[in-house]
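Trainee: Structure in structure tokens, see below.
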Amino acid sequence: MSLLPETKNIQSKMALFCRTGNEVELPGTTPNRFHHYRRLIFNIIEEHLESSFPIANEFIDSDTWDEMLNDFFSKHDCQSYQVWQIAGEFYKYAEKENYASKYQLPFLNNLLKFEWEELRLYNMENIKYPSYNNEGDILNDSLSLNPEHVLFQLEYPIHKQTPINAIENKGNYFVLLFREKETGKVQFMDLSVWYALVIEQLSKSEITLTDLLNEAPKLFGEIDIEALTESTMQFVEDLKSKQFVLGYKI
């Protein structure tokens, strides 16, 4: 059933007021009480974003953080119907509005991304796990991975250091986040470029570790293949113990 034009107009005006705080005239409202609606709604969004980005909230000056939230709340037209997903819209909005430069917080995009991806993985709908065998050849059989994961690159090591210290160590960092099947807990691992490549390729195709190791000299030049093979096998065994590598593809 469609709303009457008058009702829709009243709802739009009320929503605009709750977002911006700019006064509007609405029939049946008491002007000196109307501001409570905005306060209550803003408090919900504020509490959600502070709990979604606890590290950012801790390390960013409170006045700056409040200014960011007010700007987002006032100007961004949220599309999410689930409150927890608004955190993702805040991250994208901060990136689009270049808050990192505006507030001289070079680590900001990386930090918001890391915290958002952790939240997204924790709350995402379950992905069906593939069938797999527990026994196989670690080098020559295709490995089955936990599908509930994300692999991404950062400029600052905010997953290992405080944001302030991370500023001094700009570089290329690779992070794996995955959700444990039994507990739902999100784990993260810092990866070298080689291990990041291994996980990326294993998750995309039927490629084996032997296939990847054979390509390593083309990527890195002269390399001790025997040592690389041993360390890669140990890495995969570690991932098996963490239940990220599930087993061998059927």
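Trainee: Let me confirm something: among PHE59, PHE42, which residue is more than 23 Å from ASN110 (Cβ to Cβ) and in contact (Cβ under 8 Å) with a residue 12 or more places away in the chain?
Mentor: Going through PHE59, PHE42 in turn, just one is more than 23 Å from ASN110 (Cβ to Cβ) and in contact (Cβ under 8 Å) with a residue 12 or more places away in the chain: PHE42.
Trainee: Which of the residues that make up region 142-175 are closer than 18 Å to TYR129 by Cα and touching a residue at least 60 places away in the same chain (Cβ under 8 Å)?
Mentor: Answer for region 142-175, where residues must be closer than 18 Å to TYR129 by Cα and touching a residue at least 60 places away in the same chain (Cβ under 8 Å): SER142, LEU143, SER144, LEU145, ASN146, HIS149.
Trainee: A further question on this structure: Please determine whether any residue of region 92-99 is surrounded by fewer than 20 Cβ atoms within 10 Å (Cβ to Cβ) and under 19 Å from GLN187 (Cα atoms).
Mentor: Looking through region 92-99, none of the residues is surrounded by fewer than 20 Cβ atoms within 10 Å (Cβ to Cβ) and under 19 Å from GLN187 (Cα atoms).
Trainee: Which one is nearest to LEU105 (Cα to Cα) among residues in region 181-206 that are at pLDDT below 95 and in a loop (DSSP other than H, G, I, E, B)?
Mentor: Looking at the filtered set, the residue picked out is GLY184.
Trainee: Based on this model, can you work out whether ASP71 counts as more than 18 Å from the chain's Cα centre (by Cα) and surrounded by fewer than 14 Cβ atoms within 10 Å (Cβ to Cβ)?
Mentor: Here the answer is no, as ASP71 does not meet what is asked.
Trainee: What are the residues in region 235-249 that are part of a helix (DSSP H, G or I) and more than 17 Å from ASN140 (Cβ to Cβ), if any? It would help to see each step written out before you state the result.
Mentor: From region 235-249, those part of a helix (DSSP H, G or I) are 235-241; that's our starting set.
The answer is ASP238, LEU239, SER241.
The values are calculated or read from the model by the stated rules, or taken from the named source; none is laboratory data. The model shown is predicted, which means the values in this text are computed figures rather than measured ones. Heads up, the Cβs are rebuilt from the backbone with ideal geometry, glycines too, and the neighbour counts pull from every protein chain shown.
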